[in-house]
1. Wholly within region B:143-260, which helices (runs of 4 or more DSSP H) include no fewer than the required count, namely at least 1 residues that are modelled with pLDDT of 90 or more and more than 14 Å from chain A (Cβ to nearest Cβ)?
2. Here's a check for you: in region A:61-73, which residue that is more than 10 Å from A:His211 (Cβ to Cβ) and outside any helix (DSSP H, G or I) is farthest from the other protein chains (Cβ to nearest Cβ)?
3. Would you call A:Glu131 surrounded by fewer than 21 Cβ atoms within 10 Å (Cβ to Cβ) and in contact with a strand residue (DSSP E or B) (Cβ under 9 Å, 6 or more places away or on another chain)?
4. So which of A:Ala260, A:Ala279 is surrounded by fewer than 20 Cβ atoms within 10 Å (Cβ to Cβ), touching a residue at least 60 places away in the same chain (Cβ under 8 Å) and assigned to a strand (DSSP E or B)?
5. Filter region A:97-116 down to the residues that are at the interface with chain B (Cβ under 7 Å from one of its Cβ atoms) and outside any loop (DSSP other than H, G, I, E, B) and list them by number.
6. Among (1) over 30 Å from B:Ser215 (Cβ atoms); (2) acidic (Asp, Glu); (3) surrounded by fewer than 12 Cβ atoms within 10 Å (Cβ to Cβ), where does B:Asp66 come up short?
7. Looking only at residues in region A:117-128 that are part of a helix (DSSP H, G or I) and either more than 7 Å from chain B (Cβ to nearest Cβ) or at pLDDT below 90 (or both), which one is surrounded by the fewest Cβ atoms within 10 Å (Cβ to Cβ)?
Amino acid sequence: MSQVAEPNQQRASEDAAGAGGGSGLRLRALTKEFATFTAVRSLDLEVPSGSFFALLGPSGCGKTTTLRMIAGLESPTSGTIELAGRDITHAKPYQRPVNTVFQSYALFPHLDIAENVAFGLRRRRQKDVDEQVRQMLDLVELSSQSRKKPAQLSGGQQQRVALARALINKPEVLLLDEPLGALDLKLRRAMQIELKRIQTEVGLTFIHVTHDQEEAMTMADTVAVMNGGVIEQMGAPAELYENPRSTFVANFLGQSNLIAGSVVSRSADITTVDMHGIAVSVPANRTHTDSDRGWVGIRPEKVLIGEVGEQLDAPGNTIPGGVVSDVSFVGVSTAYLVRMPWGQELQVFSQNTGRVRIFAVGDAVELSWRPEYAFLLDHAQDASAGAAL
Amino acid sequence: MAVMTPRSGGAGTRLGRWMRERLVLGLGLVVLAYTFVPIAVVVLMSFNKPVSEQSKIYKFSGFTLDNWKNPCADPAMCESLLRSIEIGLLATVVSTILGTLAAFALVRHDFIGRSSSNLLIFMPMAAPEIVLGSSLLAMFVAAGLGGQLGFWTILVAHIMFCLSFVVVTVRARLAGMDDNLEQAAMDLYATPSQTFWRVTFPLVFPGILGAALLSFSLSFDDFIITNLNSGNTTTFPMYVWGVSRRTVPMQINVIGTVMIVLSVTIVLIGELRSRRRRPA
């Protein structure tokens, strides 16, 4: 996990100079053990300042614990947290230039919206609080609500107040703990765009914890997939999706077909795998195992489906002998389950472009895919890891 | 449908609807009357001209303001009233402070015996007053205080039973509070003491205030436990009990009316304040 996320280009100029060594957030061998389990295991992570970073994983993977340790609400068992070159591992929450948007928003019910937003500034005895609050409420489009109490606002408005209350302090790092979890789907989509816009505008570092892979991929520059207290893989959303390194990432981010195979030969750029008697090739840079057995992975939308004997536009890996066992017509696409000769059912998403007919249950078909889309994962990993989460 | 319904049936339905619409209102008024008639009697009697005949004591014999002009006609009554207020205030202050601290400990801190403390705190509320009163008396006597029963033993007894009400009220308020609020305050640069005074205390305060009002009214009102542990001291309820077997001075109704007006005022203020908070 040595990648470093790309800093956001529209970075506020004041911090642009320090984009190198000292700035940003750095976690080293961070570990949190609770009485009965280890929530976070020796986590190393570097978040450059100005980036929108997502910690993605199922519940219980340690992402919220990591966030709470950065906020200072949980104290690490071992390891260090460094922010802008300063060790803050054991600093109190109120001593850190870090603010959090809580999942439940945690707005102060006895204070009005303006006072909620002003809370952090008043604690630090800042000047022109009223003016700053007015500007911040403008940014989140809540100026007209400033004298209301939190209970009088809708969920989406409360969410924006929580964001404004944290943002106004211009923290080095803004932590977002599943901030959109309580909103309905439509509002969540709108807020995703809104959050991304605000982050670009203010240029602060955002660390966003979520279990929603779509949310993470839509908003973040860099996504770290967490599982069982460790980071499984980290990178740009497209990179994670296209070239997963573990079965967990392959299944948790979207869906994958994983087919058992054994390695026949390895060359500088191609690994050849025998998959139930069919030889398929996988690019060397997408081969993530050293053993002689592995899981050949292919995303359902990369699999082409066609009539038996038909010349498919995918030279390379062709797998005959499939029988359609389930068809669901979605509109823009059709999702098939195809039973293969070795008994496994593979998923296929076929775009309804009209070039290929829509098959029916029981039809004999052939599948194929371009070798450059396939990936090879370690056989020791559970093929269903992350699938049902 | 309407065509098929016979006329009489239609009328019956109309009558039924008329009844249904007014039944709830009617019953409500009856219940209200049931609760308010005794109060009205107290207010009315405070303007009654005292009669000499004991048997006609609750007969309204004529309107007068004498009772109101001279509420302390019987100095013993006002003395007992002052004592009750004094005990009530002291018991309220002590039990509210101790009870609030205990509630914080029970909700916020994990210690050995927490769950049993949570349970035992209900004991004074659940035990019959007569049992509590007599066991307190036995305790005082056993401790060699049998000869000194009075103001202080009453106070100790009142603090004891008020305490559990305070703990239960404040604990409920505290337990219903989102932990994240305090974490959010700390995250927003509030030190632990700022967090307490800016967030925790204002949010728990309504519970503490409610507990204090409850304590005062429980203490002011108590007769059974007080009577058993009072020695020669007389509180207001004990005075009323004592004179009720002889001639009840009409001034008791004056005190009663004042108390009713005070409690209604407190409730109204609270209601108005919470209503003003609603619309922005």
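1. Filter on region B:143-260 gives B:151-175, B:201-221, B:224-228, B:236-243.
2. A:Gly62
3. Criteria not met by A:Glu131.
4. Going through A:Ala260, A:Ala279 in turn, just one is surrounded by fewer than 20 Cβ atoms within 10 Å (Cβ to Cβ), touching a residue at least 60 places away in the same chain (Cβ under 8 Å) and assigned to a strand (DSSP E or B): A:Ala260.
5. Within region A:97-116, A:Asn99, A:Thr100 qualify.
6. Just one mismatch for B:Asp66, condition (3).
7. Selected residue: A:Arg122.
Let's see how each residue does on (1) touching an Asp or Glu at 6+ places or on another chain (Cβ under 9 Å); (2) free of Cβ contacts under 8 Å to residues at least 40 places away in the same chain; (3) away from every other protein chain (no Cβ under 14 Å); (4) closer than 24 Å to A:Leu253 by Cα:
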position	(1), (2), (3), (4)
A:Leu25	yes, no, yes, no
A:Ala35	no, yes, no, no
A:Asp44	no, no, yes, yes
A:Ser49	yes, no, yes, no
A:Phe52	yes, no, yes, yes
A:Gly57	yes, no, yes, yes
A:Ser78	yes, no, yes, no
A:Lys92	no, yes, no, no
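The values are calculated or read from the model by the stated rules, or taken from the named source; none is laboratory data. Computed from a predicted structure; not experimentally measured. Don't worry about glycine lacking a Cβ; one is built from the backbone with ideal geometry, like all the others, and counts go over all protein chains shown.
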